[in-house]
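Everything below concerns the one structure shown next.
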Amino acid sequence: MPAESGTPFHIGELAARTGRTVHAIRWYEAQGLVPGVSRDEGGRRLYGELHVGWLDLMDRLRRTGMSIAEMREYTALALRGKTTLHQRRDMLAAHRARVTETIADWKRALSLVDRKIGFYDEWMQTGHRPPLIPAGAPRTKALTRKPAKPG
């Protein structure tokens with residue numbers, strides 16, 4: 001990471017600014033995912049504004065399913081500078097495609113859960129068990145592949 005201007009701060013402030021625990025920040029560092037951390041004369045870590053953004057990126061990549069190995073690779077590429085811009089861009093584009101497919105899968109799953117909630121709501125309201133799949137309801141891939149168990 002390139003040097004930055006501004007007053008450096010310690011891990012407690014980084015935790016406060018990012019909403020992460022000191023333990024989590026140290027974990028990211030131990031994994032090699034927070035580059036460019038220097039130390040003060042007392043040996044305490046010093047952070048800057050770039051670390052705030054970097055930590056946020058690493059957290060979001062992790063939350064969206066990027067492996068730690070891929071995150072390390074991305075970090076290593078970033079440390080090599082602008083000669084790796086295309087590689088980093090391609091890596092993020094591939095990750096984005098995986099995230100988009102996961103979102104689509106989750107939307108299909110959520111649709112099924114919503115229909116099941118509606119099924120139970122109707123059953124409780126009428127006292128009669130409704131048909132498993134109401135007429136005209138769109139079928140999900142999961143239902144097409146393998147029928148759901150009743151009840």
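The numbers here are math on the coordinates, done by the rules we state, and not lab data. Being a predicted model, the structure only gives us computed values, none of them experimental. Cβ placement follows ideal geometry from the backbone for every residue including glycine, while neighbour counts extend to all protein chains displayed.
Key figures
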{"quantity": "The stretch 29-142: relative contact order in percent, alpha carbon pairs under 8 Å with at least 6 residues between", "calculated": "17"}
{"quantity": "Alpha-carbon centroid distance for the pair the stretch 9-31 / the stretch 78-94, whole angstrom", "calculated": "25"}
{"quantity": "Whole-number Å³ per residue for the convex hull built on Cα positions in the stretch 1-112", "calculated": "117"}
{"quantity": "Nitroxide proxy distance, nm - points 7 Å out along Cα→Cβ at residue 116 and residue 16", "calculated": "4.5"}
{"quantity": "Distant-in-sequence amide H partners of residue 46 (H built 1.01 Å from N, under 5 Å)", "calculated": "38, 39, 40"}
